[in-house]
Amino acid sequence: MARGKLRIYVGAAPGVGKTFAMLNEGWRRKTRGTDVVIGYIEAHGRANTTAQIRDLEVIPRKQVPYRGQVLEEMDVDAVIARRPDQALVDELAHTNVPGSRNEKRWEDINELLDAGIDVISTVNIQHLTSLNDVVERITGVTQRETVPDAIVRAADQLELVDMSPEALRRRMAHGNIYAADQVDAALAHYFRAGNLAALRELALLWVADRVDEDLGLYRERHGITEPWETKERVVVALTGAPGGEDLLRRASRIAARIHGELVGVHVQTSDGFARGSSEGLETQRQLLEELGGRFAQVTGLDVAHALVHFARAENATQLLLGSSRQSRWTELTHGSIINRVVRDAGQVDVHVISSTIPEAPLLRQSSTRRRPTALPPRRQLVGWALATVGIVLLGLALSPLRAQLGLPGALLFLLLGVTAVATIGGAAPAAAAAVVATLTADFFFTLPYHSLRMVRGTQIVAVVVFFAVAAAVSALVQRLARRGVQVARARAEAEALARLAGGSILSGAEALPGLVTELRRTFDLDGAAILVATEHDWKAIASAGTSVPTRPDDAAFSAELDQGAVLVLAGNALSADDTRLLGAFVAQLRQAQARVRLEAEAASARELAEANTLRNAILAAVSHDLRTPLAAIKAAATSMLSDDLDWSTDQTNGFAKTINAETDRLTHLVTNLLDMSRLQTGAVGTALGPVSIEDVLYRAAESLGPAAAGIVIDVAESLPSVVADPGLLERALANVMDNATKWSPAGVAARVEAGVAGDAIYVRVIDQGPGIPPSERDRVFEPFQRLGDGAGSDAHGVGLGLAVARGLVEANGGELRVEDTPGGGATIVFRLRRA
């Protein structure tokens, strides 16, 4: 079925005549033979608009109850059921009443189009998502109902319903748009001449863009090969900070007017760059998708360099940034991102857009830098010990060599000690080490010795320079040490994320324990667990480690998962740098919970399907196979009781034999049904003990009655006993032997053989029938199938004999399988435990 076509009448403001034009077009098409109906029309009480409905068929609206009242919406199902050629649906951007099938009317229209129905609709320019903020600034009115631009642009036809501001105001003054008591307020506010002129210009520009698109398609269809400029691409920087939505809409309008692509980019860095809230970034990403753009995220130590590099890599022509309100001091100390972008952008045009929200810059440098990644506490303790005691001991050890080393040599050794402290302990111990080393050099190696006074100017200068060099070297060394820790942390985080992304931890029921174990190992925790609330306390469904919290209140950290579960952690305190990786683990745990829940639902669905299959099979068996012997019994008994005919003694005996045989047959079928039910519910009880296989075989054959004449039992008297329940084993053997007699050719007896192999007794029931293909040998033991030894059989029964036999044998701890009979046929093999 071909998708229907969409035609949209676009207006600059209410009252320009969109609905009027739509109704006129619908009536014109009806006069030409098109089947046209009105799916939804909103006349707003305007008599002229209502008059244009004329004799057009109106589909009754759907009544939707909401908060104690009944509201009306378009009945999508009724329109689809009516299947007209054309449907007129007013107000494309309308939001449906909560409880309706779709949230927006344009979603209803999509269903009509998918059903092959052409649709004509209307929309005002104020409802387009990309222009929503502009219209609000022009008119001061916030439009709550919006429609994505892509929906309108995808229409097969767009037609602008235009009217000059003066003409529209005259229509308003004459009462053709609003009621008389609303006219003055509307003319003084929304319908001011300036507002209407601005809205009209917006509508003309927006529709003109679509006209250019159609012209481009026309050139392409007709092979016009005149050169075109390279496609424009607009990149907009996003941070999640307030004001980003305005920036996105401005970028969208720029991209639309130059027929360019819109790309949003977020720079993620760890050098103190303020990115705004993650919730704000997600909101901006969703808005970007509604505006038809795509989102990208890059990482880099320098935000300006990352933005420019991305813009060049994307072949962007324009780059939009939000204005910054950072302080002068911050600009002096950290530099201006905007200035560096402008300086490095080259041929890329840079637009700096001022924010309309006070103190909410889109791009800014944080005035306080993020706390550096902390070194392990043990290393810091060692660093402090070396900075205090170690440096003093070093000076004391070098003091006997004062004459040989002199002050310069001693300062070099002390500088080496400060460097070691910085490498091990970090910034604070290194600063203390520089101070202690300076005092130690003064105390042991400057005149007068063993005092903190210095009398020589050269020594004073040397010690002061030493302190400056020691401080600078310690700062550089500790920065490199911290960078190494950051690199190691980033590597570990990347490896953990790679394992999570690869799904190597997730494996069915072990998903949650595996993730908890991986989380504990990644963060070096004492314990981690997932707790669920019970009636009186908490229960751990997955845990790892030795010190596992038993309640959320006892944990150093806890996070809520799905279905009321809580993740609890104990041990090392988590830093801010761990938040992102921990969030990834929490997301994976929620996915694992969902997976376990879905697997449980799938297992339940399979059980229900199997139960439904069994129910249908039982109904089929009862309706056919159980009715057959009952019908024979009923017919024989009715004949014997009839007074119309005198039956001979032989005939009466024949009826009695029929009743007896069919009763035995019915008893056999019912027994199998009961056995199958007990097997499937696990209610089969066994009394295992040593059993003579020869005795059980002969009792099973006797239970078959006359059919036993077609069975030859060839079993040695010296066979060892088997471990089994004699009653269950007898029924299993009887079912298999009965099956063999049915499939053995006429005049050919089925054979039963038995022998010993190792610790098992093997019983083989052999027939010379058509055999069972290898592909069907598992299926032959399924309940309610009638494959037997081959397809096309006319054997009677409900298809339970072999299924019950396997279940009873397995209940005795044995096995049942099918093999080929040499020369043709099937051999059912029992493997039983030797007593």
(message) What value in Å³ per residue do you get for the convex hull of the alpha-carbon atoms in the stretch 1-106?
(response) 123 Å³
(message) Taking θ = phi - 60°, what integer Hz values does the Karplus form 6.51 cos²θ - 1.76 cosθ + 1.60 yield along the stretch 337-342, in sequence order, with x for Gly and Pro?
(response) 4, 4, 4, 5, 5, 4
(request) Name the long-range amide H neighbours of L71: under 5 Å, sequence gap of 5 or more, or other chain; modelled H, no Pro or chain starts. (result) V64, Y66
(request) Determine the sum of side-chain charges near D778: Lys and Arg each +1, Asp and Glu each -1, restricted to other residues whose C-beta is under 11 angstrom from that of D778. (result) +2
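Which entries of K634/K657; K18/K62; K634/K742 have Cα-Cα distances beyond 20 Å here?
K18/K62; K634/K742
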(request) Only bridges with both residues in the stretch 1-134 count here: give the DSSP antiparallel percent, nearest 5. (result) 25 percent
(request) In whole Hz, with x marking every Gly and Pro, tabulate ³J(HN,Hα) for the stretch 424-435 from phi via Karplus 6.51 cos²θ - 1.76 cosθ + 1.60, θ = phi - 60°. (result) 7, x, x, 5, 5, x, 5, 4, 5, 5, 4, 5
(request) Would you pull out the residues with amide H under 5 Å of V350's amide H, same chain only if 5 or more places away, H placed 1.01 Å from N? (result) L319
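Apply 1/(1 + (r/R0)^6) to the Cβ-Cβ distance of R551 and E601, taking R0 = 30 Å, and write down the FRET efficiency to the nearest 0.05. Walk me through the numbers on the way to the answer.
Working: r = 30 Å, r/R0 = 0.99.
After rounding, the FRET efficiency stands at 0.50.
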(request) List the residues whose amide H sits under 5 Å from the amide H of D35, counting only those 5 or more places along or on another chain, with H placed 1.01 Å from N in the peptide plane. (result) D85, Q86
(request) Calculate the spin-label point distance for D35 paired with A188, positioning each point 7 Å from the Cα along the beta-carbon direction, and give it in nanometres. (result) 5.3 nm
(request) Calculate, in nm to one decimal, what A472 and D537 gain on full extension: separation in residues at 0.36 nm each, minus their alpha carbon distance. (result) 17.7 nm
(request) Using the Karplus curve 6.51 cos²θ - 1.76 cosθ + 1.60 with θ = phi - 60°, work out ³J(HN,Hα) for each residue of the stretch 639-650 in order, rounded to whole Hz, and write x for Gly and Pro. (result) 5, 5, 7, 6, 9, 6, 10, 9, 8, 6, 5, 5
(request) Quote the convex hull volume per residue of the stretch 45-109, based on C-alpha atoms, as a whole number of Å³. (result) 108 Å³
(request) Return the whole-Å distance between the Cα centroid of the stretch 798-835 and the Cα centroid of the stretch 1-60. (result) 75 Å
(message) Are there any trypsin sites (Lys or Arg not before Pro) in the stretch 94-179 that are in a DSSP loop and have at most 11 other Cβ atoms within 10 Å? List them by number.
(response) R144
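Taken together, the values in this text are just the output of simple stated rules run on the coordinates, not laboratory data. If you're wondering where the values come from, they're calculated on a predicted model, not measured in any experiment. Cβ sites come from the backbone with ideal geometry, for glycine too, and all protein chains shown count toward neighbours.
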